[in-house]
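The values are calculated or read from the model by the stated rules, or taken from the named source; none is laboratory data. Everything quoted here is computed from the prediction, not taken from an experiment. All Cβ positions, even for glycine, are placed from backbone atoms using ideal geometry, and neighbour counts span all protein chains on display. Just the protein is used for accessible areas: all its heavy atoms, side chains included, with ligands, DNA and RNA removed. Shrake-Rupley method; radii C 1.70, N 1.55, O 1.52, S 1.80 Å.
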Amino acid sequence: MSTSPSLPPVVVTGGAGAIGSPLAHRLYSRGHEVRVIDNLSAGREALLRDLQGQARFRFHLEDVRNTEAIAPVFSGVQEVWHLAANADVRKGAADPRIDFEQGSRATFSVLECARRADVPRFFYSSSSVVYGFPTVFPTPETYGPLFPQSQYAASKLAAEGMVSAYCHSYGLHGWIFRFANIIGPGMTHGVIFDFLTKLRRDPTRLEVLGDGRQAKSYLWLDDCVAGLLLAADRAKETVNLFNLGTADRIPVATIAERVVAALGGKARIEYTGGPRGWVGDVPQQLLDTGRMQALGWKPRYTSLQAVDATIAALRPELGL
Ligand SMILES: NC(=O)c1ccc[n+]([C@@H]2O[C@H](COP(=O)([O-])OP(=O)(O)OC[C@H]3O[C@@H](n4cnc5c(N)ncnc54)[C@H](O)[C@@H]3O)[C@@H](O)[C@H]2O)c1
């Protein structure tokens, strides 16, 4: 790990997760002191292996809802990157409390810590699901009205509102990113992780939720992190709102075929049917990323390239 000169401390909540861990690495490489807060409910400390023991890195095993316990971590901090949340949309249908707790309440707690410590810059990982079922594709940031279809989406929209209110009330600057599907190594949720896990259990068949025609944009993890940092450097509004995704979308059936082919092509693909994979699923998604492109960002991978790279990255992680 580099020993670049020390830049101001930053907090990354959810920094042991799939997106948070490469982000923590990149912030560290830039020279920041990096403080990760994660309760390891979905993340893994192994993803931060390279940073452990470094002088400019601290890992805090804590639930971000415990405001008093995490408040000291924000002392002297210049940036908060708030990524901690339940990231699995499907869980909210079974228990609506999960997204309220891990999304809305968690965000309130982190914002409170940022306010009390006079942190000037706050970054939030929202989602394209706030658009509900949009009728405009690619969907721009100005699209509305926003009618969330899941508890997860509702918690993201609520959190966006809180970030905006804190910025306008307490002098913070905010960045809100509405992600498409972010995929890459380290994932413990999402369509490719699910398909590989199912095939590990039963290599003869792959059950696909829905009719396979749901078509979405899949953004490679490194492209996402590069976008986050570019927007952090170049966007200067009080509240900066950006879509992050690829310029294309691909059907779930294509992903199923790629996963099956990568594992030898023997499994039978079976669709459960219907236009939605689960309660709260948004079957069609394609984001207008013109705002990010205007800053100079362009993803390296298309959706299909990101899918193939993710299959290759997750196979060894899952022992396949
Ligand atoms: N991956 C995607 O496709 C995608 C799309 C849209 C938005 N997002 C958002 O991006 C963020 C990161 O997603 P990810 O894919 O890296 O998911 P992830 O599950 O890998 O990471 C989330 C991290 O937050 C931690 N965490 C959860 N609740 C916590 C709590 N109460 N206190 C402390 N830590 C907690 C988990 O242990 C995990 O390490 C999430 O907010 C997610 O909703 C992700």
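Key figures
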item	result
Single condition Ser127 does not satisfy, out of (1) polar (S, T, N, Q); (2) in contact with a helix residue (DSSP H, G or I) (Cβ under 8 Å, 6 or more places away or on another chain); (3) more than 9 Å from the ligand (Cβ to nearest atom)	(3)
Contacts under 6 angstrom Cβ, first residue in the range 136-165 being assigned to a helix (DSSP H, G or I), partner within 14 Å of the ligand (Cβ to nearest atom) and of a type in the set (Asp, Glu), 6 or more apart	Gln151/Asp99; Tyr152/Asp99; Ser155/Asp99
Pick from the range 99-124, criterion open to solvent by 70 Å² or more (accessible area, probe 1.4 Å) and under 21 Å from Gly171 (Cβ atoms), ranking: nearest to the ligand (Cβ to nearest atom)	Phe108
Qualifying residue in the range 188-211 (condition: outside any strand (DSSP E or B), open to solvent by 40 Å² or more (accessible area, probe 1.4 Å) and hydroxyl-bearing (Ser, Thr, Tyr))	yes
Count - residues of the range 72-84 that are open to solvent by 10 Å² or more (accessible area, probe 1.4 Å), over 20 Å from the mean Cα position of the chain (by Cα) and away from the ligand (no atom under 14 Å from the Cβ)	4
Candidates Pro9, Pro22, filtered to the one that is within 25 Å of Asp222 (Cβ to Cβ), in contact with a strand residue (DSSP E or B) (Cβ under 8 Å, 6 or more places away or on another chain) and surrounded by 17 or more Cβ atoms within 10 Å (Cβ to Cβ)	Pro9
Search result, residues across the range 191-246 that are hydroxyl-bearing (Ser, Thr, Tyr) and under 15 Å from the mean Cα position of the chain (by Cα)	Ser217, Tyr218, Thr246
Residues within the range 182-196 that are in contact with a helix residue (DSSP H, G or I) (Cβ under 9 Å, 6 or more places away or on another chain) and either within 17 Å of Ala261 (Cα to Cα) or of a type in the set (Val, Ile, Thr) (or both), tallied	7
Within the range 77-129, tally of residues that are charged (D, E, K, R) and under 26 Å from Glu33 (Cα atoms)	6
Inter-residue pairs, beta-carbon under 9 Å, first closer than 24 Å to His25 by Cα and in the range 228-239, second of a type in the set (A, V, I, L, M) and part of a helix (DSSP H, G or I), 6+ apart	Leu228/Leu23; Leu229/Leu23; Leu229/Leu27; Leu230/Met292; Ala231/Met292
Residue list for the range 26-45, restricted to those being within 16 Å of the ligand (Cβ to nearest atom) and surrounded by fewer than 20 Cβ atoms within 10 Å (Cβ to Cβ)	Arg26, Asn39, Leu40, Ser41, Ala42, Arg44, Glu45
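So that you can scan it fast, the table gives a plain yes or no per residue for (1) under 26 Å from Leu157 (Cα atoms); (2) away from the ligand (no atom under 15 Å from the Cβ); (3) touching a Pro at 6+ places or on another chain (Cβ under 6 Å):
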site: Leu47; (1), (2), (3): no, no, no
site: His60; (1), (2), (3): no, no, no
site: Val64; (1), (2), (3): yes, no, no
site: Ala94; (1), (2), (3): yes, yes, no
site: Arg97; (1), (2), (3): yes, no, no
